[in-house]
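First the structure, in the form of structure tokens, and then the observations on it.
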Amino acid sequence: MDSALAGQGQIVSVVGEAGLGKSRLVAKALQMAQEKDFTVFGGEAESHGVNSSYLAWHPIWRGLFGLDPTLSKEAQIRTLQHAISRIDSNMIPRIPVLGPALQLAIDDNDLTAGFDAKLRKSSLERMLLDSLASRAQDMPLVLVLEDCHWLDVLSRDLLQEIAGSITNLPVL
């Protein structure tokens, strides 16, 4: 935590057999992180989610962008547009590519309708990484992914991208 607070992002993996106290250990670590003024976002992979893109990330990114699932789709998109505009207004036309990571159906526009799968994925990852970096400049962050053995391929790819991008950020 101290390294992350000093701007040296960290990845921590807790692995062990069922019943060893991993959840209790993580809960205590999260309590300590909050005492050190980290903001915590978490998500959980599920066994049925291996075919659901970014399932474990949905609550993390929705929380990071301040999206309230009880609001209408239109209100959530406005909130997202506002959050993205504070990071980089040039990213606004690419907002539709964020839909899968947010569990939010956002209609394509003239720009994103022409994106192939590879460009869509790289654009989504770049926007999320930029958003994470921007948010981390305001406050240190802890991102918790539970049950990573159930992560889908795209979620695992995103985790690897994040791991490579947080080396100089206060992110754990």
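The values are calculated or read from the model by the stated rules, or taken from the named source; none is laboratory data. This is a predicted model, so every value here is computed, not measured. Neighbour counts run over all protein chains shown; Cβ positions are idealised from the backbone, glycine included. In case anyone asks, the SASA skips ligands and DNA or RNA and just uses the protein heavy atoms, side chains included. Shrake-Rupley method; radii C 1.70, N 1.55, O 1.52, S 1.80 Å.
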Residues of the stretch 31-47 satisfying the condition of being closer than 19 Å to Ala136 by Cα and either touching an Asp or Glu at 6+ places or on another chain (Cβ under 8 Å) or not in a helix (DSSP H, G or I) (or both) | Lys36, Asp37, Phe38, Thr39, Val40, Phe41, Gly42, Gly43
Right, Asp116: over 19 Å from Ala163 (Cβ atoms), touching a residue at least 12 places away in the same chain (Cβ under 8 Å), surrounded by fewer than 19 Cβ atoms within 10 Å (Cβ to Cβ) and not aliphatic (A, V, I, L, M) or not?
-> no
Check on Ile87, in contact with a helix residue (DSSP H, G or I) (Cβ under 6 Å, 6 or more places away or on another chain) and surrounded by 13 or more Cβ atoms within 10 Å (Cβ to Cβ) = yes
Matching residues, the stretch 137-153, being part of a helix (DSSP H, G or I) and either crowded, with 20+ Cβ neighbours inside 10 Å or in contact with a Ser or Thr (Cβ under 6 Å, 6 or more places away or on another chain) (or both) | Trp150
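Condition first: open to solvent by 70 Å² or more (accessible area, probe 1.4 Å) and either more than 15 Å from Val144 (Cβ to Cβ) or of a type outside the set (D, E, K, R) (or both). Now tell me which residues in the stretch 37-46 satisfy that.
Keep residues of the stretch 37-46 that are open to solvent by 70 Å² or more (accessible area, probe 1.4 Å), which gives 37, 44, 46.
Matches in the stretch 37-46: Asp37 only.
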Would you mind stating whether Arg78 is out of contact with any Lys or Arg (no Cβ under 9 Å at 6 or more places or on another chain), of a type in the set (Lys, Arg) and farther than 14 Å from Leu158 by Cβ?
-> yes
Scanning the stretch 94-113 residue by residue, those part of a helix (DSSP H, G or I) and either under 22 Å from Gly43 (Cβ atoms) or open to solvent by less than 20 Å² (accessible area, probe 1.4 Å) (or both) turn out to be Ile95, Pro96, Val97, Leu98, Gly99, Pro100, Ala101, Leu102, Thr112
All-but-one check, Gly16 against (1) without any contact (Cβ under 8 Å) to a residue 60 or more places away in the chain; (2) part of a helix (DSSP H, G or I); (3) open to solvent by less than 40 Å² (accessible area, probe 1.4 Å), failing number (2)
Working only within the stretch 40-70, note down all residues that are more than 13 Å from the chain's Cα centre (by Cα) and of a type in the set (Val, Ile, Thr).
-> Val50, Thr70
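Yes or no, residue by residue, for (1) surrounded by 12 or more Cβ atoms within 10 Å (Cβ to Cβ); (2) modelled with pLDDT of 95 or more; (3) part of a strand (DSSP E or B):
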site	(1), (2), (3)
Gly9	yes, yes, no
Leu25	yes, no, no
Ala29	yes, no, no
Gly49	yes, no, no
Gly63	yes, yes, no
Asp68	no, yes, no
Glu74	no, yes, no
Ala83	yes, yes, no
Ile92	yes, yes, no
